Amino acid sequence: MSGVHCSHSSSMRFSSLQSLGRLSLRALRRAPAATPLQATAPRAAAPCSTSISSFAGSSSSKLPAAAARRSQLACASSHARAVAVAAAAASPAVLEPAAQQQAAAVSVSSNGNGSAAPSFQEAIKRLQDYWASVGCIVWLPHNTEVGAGTMNPATFLRVLGPEPWNVCYAEPSIRPDDSRYGDNPNRVQRHTQFQVILKPDPGNAQELYLGSLEALGIDTSAHDVRFVEDNWESPVLGAWGLGWEVWLDGMEVTQFTYFQQAGGKVLDAPAVEITYGLERILMSLQGVKHFKDIRYCEGVTYGELFLQNEYEMSCYNLDEADVADQRQRFALCEAEARRMLEKRLPVPAYDMLLKCSHAFNVLDARGAVGVTERADCFARMRALAREVTGLWMARREELGHPLGTVSSSTDEDAAPAAAAAGKAAAAAAAGPSSPELFVLEVGSEELPPDDVLAGMAQLRERLPALLAKLRLSHAGVEVHGTPRRLTALVRDLAPAQTAQESKVRGPPAKAAFDASGAPTKALQGFCKKAGADIGSVTVEADAKGVEYCFVEVKDAGRSAVEVLSAELPALVGSLSFKKSMRWNAFGAAYSRPLRWLLALHGDTPLDFSYGGLSAGDATRVLRNAAQPELQVPSASAYLSLLQQQGIQLDFEARKAAIWQGAAAAAAEVGGTIPASASGDLLDEVANLVESPTVIRGGFDPAFLELPEDVLVMVMRKHQRYFPVFSADGKLLPAFITVANGPVDPAAVAAGNEAVLRARFEDAAFFYREDLKQQLADFRPKLKGTLFQKDLGTIFDKSVRVEALCPALAAAMGFAAAADTAVAAAALCKADLATYTVTEMTALAGTMGRHYAQVQGLPEDVSTAIFEAVLPRQAGDILPASPAGIVVAVADRLDSLVGLVAAVGAPSATADPYGLRRAAYGMLQALVSNNVSLSLRSAVALAAAQQPLPVRAAQQEAVVDFVSRRLEQLLVDSGVSAEAVRAVLAERGDNPALAASTASQLQAALDAGDSGPLCSIMTALSRPTRIVRGKTVDVSVSVNPALFENAEEKQLHAAYQAVAQQLQGSSSSSSGGSLDVSGWLAAVQALVAPIDAFFEKVFVMCDDEKVRANRLALLRDVAGVTKGFVDLSQLPGF
């Protein structure tokens, strides 16, 4: 572990945290059993002497004073596990929820009022005491509005630079957009976060965090505690990190992040940020259903303290805050921040930035910020953040880093590497003497589900290649993965490399021997390097006749243990992911922090090092196991050991077990799981757990009155539940969730039911509010949301789309659907102003359709409102009704033309307004429905509706931009790039026609020599090459009177016949009446006349008129491709 060099003795308090190693949670569970999720009252702790090992070393040491206090606190608040043993991992148990009364008893004390659970202020004190006991400074809330604990300078500024920093504090966080007048039981505009920063990473941050839950009275062995991917980013602060939401029985209770960047600065020492949502945690601990009922302290509720504040500030945030005044505040604070930067005062400059951020949040709550204004404000605040952080780091350096510096990995790196090298050399001699199973396990903190699959795929490709390179024979490679491990199994791996002989070339013979024939130093050096005797040298000539010296080199091979120990660090280091992170001073990058490495060949451990870890023979199992870390005696024992611990290593087997268990659980209530859930949702759930335990929960049937789309989205997207449907396709009041490992079924079911109830209550609140108005009544509210400063509001955009629809419908051949399209266009953005869509943006369009149906609007209008947003993402359904296609295309055309005119087309690296996605979606709508439309005409129609002039060059830029997206769309469909370019050169103005032509052309190309295209290309290439580069007067018409040969007359006659057939069929804008096969059939008639012409006719004759006439004929013949395909783009033309 990195050391800490401090310039003042006071900063040595950090060492207590940094010396704290992996503390098994077993030490936290030695007290008598208590009700799960129920906090015990504080009591005197029994003497507790705990010896721990530093995470970076193997020697044990007594706890320092601070850590001892932490251990005593942990012992005092520990609980015995109350678990239900799950079935074998191959067939996870189905754990049913208890009755509601029993579930309620799980969450509250025996007297039914929750009085034994910690009060709000007791919870804060327990967390402060816990984190202070492991070396954290107890900080105070900031003195201006912050949206999260992250924005307190104790986090945002202190994570910068090389100084160590371990701190904890409660932070009232203000989020105006969460204002609900105190009515919503689960949402408040002022909530309290408890923030922890650990810098540098102590190596066991997750275990420390779980200990803090025990300190709150949560039995982590009975409850389903999971780390679910949630990568945090703050565009305002130019900050980001990778990590998780921490779920407690399905409820997000904590944000856990490894900071990577702040203020645009890559962090010298990545810091761990742990953010608790106290209101949410306390509602669960105390068993209350509304934030106002939280017991704040003895005799006082949260509502009695803060309900008036919630109501009045909600009125201000949502109704009364003056938009112009808030914009002025933003500008004034921005100017003051810049003035402070000029004075080299980063702290007050940062305070002004926070005030800018709060003013923006109020504007956002008032619905006054559009897409482009948001991007502009973010850019301004991000620029300020960069300057503030740069100045802060400079000032701390000027002060000499008063808190010391975190050491970098220099000499400290050498020790583990040297030790590993020594162990590997020793192990090599004692390695297997016959083929044995080899196991490599890369252990980490929880990987995102997609990264589990990505890591497995890379190991499947790279490990066999590595073994081949190393000449290590084997009987096959298997790769498996779970959230905490990637494992490779190599069957019957050879004990040593296969011996090989090779002929090695040395120096030229003339340089290898002197005049007397004696070997020169060049030859002697070569033989020494090759390990060969001078006498074994042979001389041979190469292909050019130059003589060289050669020797036969025999490589007996090294042991598998030795060569793999040298190569495995690079293999582990080669694993890459969409987003990777650093977590310590060793600079290694991985999806999440690596925590252990296991490598066994037979019973021989391979001792290599990577990322500050030394490989060995230890693995980790479930965190709530009696012994979370176990030694593996041999590779052959690895799988059975994991199976005994309930860990299902195989991804496909895990999926099958979950699906089987979920289906069985659904069947018990007369339901089924739809097949659609067996795709992405099942894949994700299977990679969120490694020991699946299926649990069924239920919800109040009254919630079924909400739109099914809302309920299903909440369950699937937000909670990763499997919704249960009846045989006739109706949603049932039940769901299936999958816990990780053995848990208390009643507690976990009750917790998930409570979470779902809260989410459904949120949705019901929003839905009821929305139904108080007609859908059309929401449209005027869009006037407060800016789309782009030069293009007006979202309302203005909807007016333009509405006006564009009639002409666009006519251009598409959908004139009969124009009125429906206009009606839908007027309302297609209205649901953006509804409460439900504001909260769940993915329901845009879906809720618009629903509200239109509820209000009795025509079904074709309701359908078009929904289809206007399609497609929403890759693989989504596409608009299909005429009116829906018109509105979907009109909306995207308006964005493309308006934004290109206002801000320009996207660059190669930046597309802040999603114009690529807009163009791609528009093209998909046209192509999938085979709708003929001229891009240039459509762009011109949209340009006429814009509030600013759109120059011809800008319109052409839009056409070019869309054409490039069309090229990508067609290539993605399986057409070769050459065929696509050949078609787009002639028919690119009509996407649907281009798509069908490209597909047919590809089929003709695939036919090869047996198809007509090959002979046509050969024939047409001759006149094309003749006229290419020559000045052929376009005004010159072919004069048959100048023909001197029969072949000229025959070619001209054939051309006229073909031209007659093609006339009117090549128009891109009209769609054309002739497909590729028809064109080929027509043009085939020219092949023989062309061949005969070039066999008998000399084009470039002396007679100028005859020559010009022949060139004009060839010009016309070569032009039969016009409007169809540019053959010059195809290979071989």
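Numerical summary
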item	result
Accessible surface ranking that places the most exposed of Glu387, Glu1047, Glu441, Glu501 first, with a 1.4 angstrom probe	Glu501, Glu387, Glu1047, Glu441
Linear extension gain, Ala511 paired with Ala1085, 0.36 nm per residue minus alpha-carbon span	199.7 nm
Share of alpha-carbon pairs per 20 Å distance bin for the chain, given as whole %	10, 31, 33, 20, 6, 0
Segment 742-808 and segment 841-907: distance between their alpha carbon centers, rounded to Å	15
Computed P(r) (all Cα pairs; segment 633-693; 5 Å bins; percent)	4, 17, 24, 21, 14, 9, 6, 3, 2, 0
Over the chain, relative contact order from alpha-carbon pairs under 8 Å, at least 6 apart, %	10
Heavy atoms of Val553 accessible to a 1.4 Å probe, total area in Å² rounded to 10	30
Anchor Lys125: lysines whose Cα lies under 21 Å away (excluding residues fewer than 8 positions away in-chain)	Lys292
Accessible-area composition of segment 690-744, carbon plus sulfur, in percent [1.4 Å probe]	53
Ser1015 - accessible surface, heavy atoms, 1.4 Å probe, Å² rounded to 10	40
Count, lysine Cα pairs under 21 Å in segment 978-1133, 8 or more residues apart or across chains	5
Over segment 484-547, volume per residue of the alpha carbon convex hull, in Å³	186
Cα→Cβ-extended label distance, 7 Å offset, between Phe1098 and Glu629, nm	9.3
Bins of 10 Å from zero: percent of alpha-carbon pairs in segment 120-398	7, 27, 35, 24, 7, 0
Three semi-axes of the equivalent ellipsoid, segment 873-975, Cα gyration tensor, whole Å, largest first	21, 16, 12
Residue-normalised accessible area of the chain, given per residue in Å² at a 1.4 Å probe	40
222 nm mean residue ellipticity, helices alone, for the chain (DSSP H n ≥ 4; -39,500 (n - 2.57); rounded to 500)	-13500 deg cm²/dmol
Interchain or long-range residues, amide H under 5 Å from Thr192's placed H	Ser173, Leu278, Glu279
Solvent exposure ordering (accessible area, 1.4 Å, most first) of His142, His474	His474, His142
Where labels lie 7 Å past Cα in the beta-carbon direction, separation of Asp376 and Lys503 in nm	7.6
Length-normalised contact order for segment 120-398 - Cα pairs under 8 Å, 6+ apart - percent	20
Principal axis box of segment 1001-1123, alpha-carbon based, largest edge first, Å	44, 32, 26
Area accessible to solvent at Leu472, 1.4 Å probe radius, in Å²	10
Volume per residue that the Cα convex hull of segment 911-962 spans, once the total is divided by residue count, Å³	86
Apportionment of accessible area to carbon and sulfur, segment 120-398, percent (1.4 Å)	51
Percent accessible area from carbon and sulfur atoms, segment 1009-1129, protein chains only, probe 1.4 Å	49
Bridge type composition, the chain - antiparallel percent by DSSP, nearest 5	95
Dimensions in Å of segment 775-973 - Rg and Dmax from alpha carbons	15.7, 46
Per-selection Kirkwood Rh - segment 254-344 (Cα, Å, 1 d.p.)	17.6
Label-to-label distance, nm, for residues given as Ala842 and Lys125 (7 Å Cα→Cβ offset)	4.2
Lysines with Cα under 20 Å of Lys789, excluding same-chain neighbours fewer than 8 positions away	Lys781, Lys797, Lys829
Nonlocal Lys pairs with alpha-carbon distance under 24 Å, segment 500-555 (8 or more apart, or different chains)	13
Where Ser640, Ser609 fall by accessible area, highest first, once all protein chains stay in place (1.4 Å)	Ser640, Ser609
Average Cα contact separation per residue, segment 887-989, under 8 Å, 6 or more apart, as relative contact order %	33
Positive minus negative residues near Pro495 (Lys, Arg vs Asp, Glu; Cβ under 13 Å)	-2
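The values are calculated or read from the model by the stated rules, or taken from the named source; none is laboratory data. Just so you know, these numbers come straight off a predicted model, no measurement behind them. For neighbour counting, all protein chains shown are included, and Cβ atoms are generated from backbone atoms with ideal geometry for every residue, glycine included. Calculation scope for accessible area: heavy atoms of the full protein, side chains included, ligands and nucleic acids excluded. Shrake-Rupley method; radii C 1.70, N 1.55, O 1.52, S 1.80 Å.
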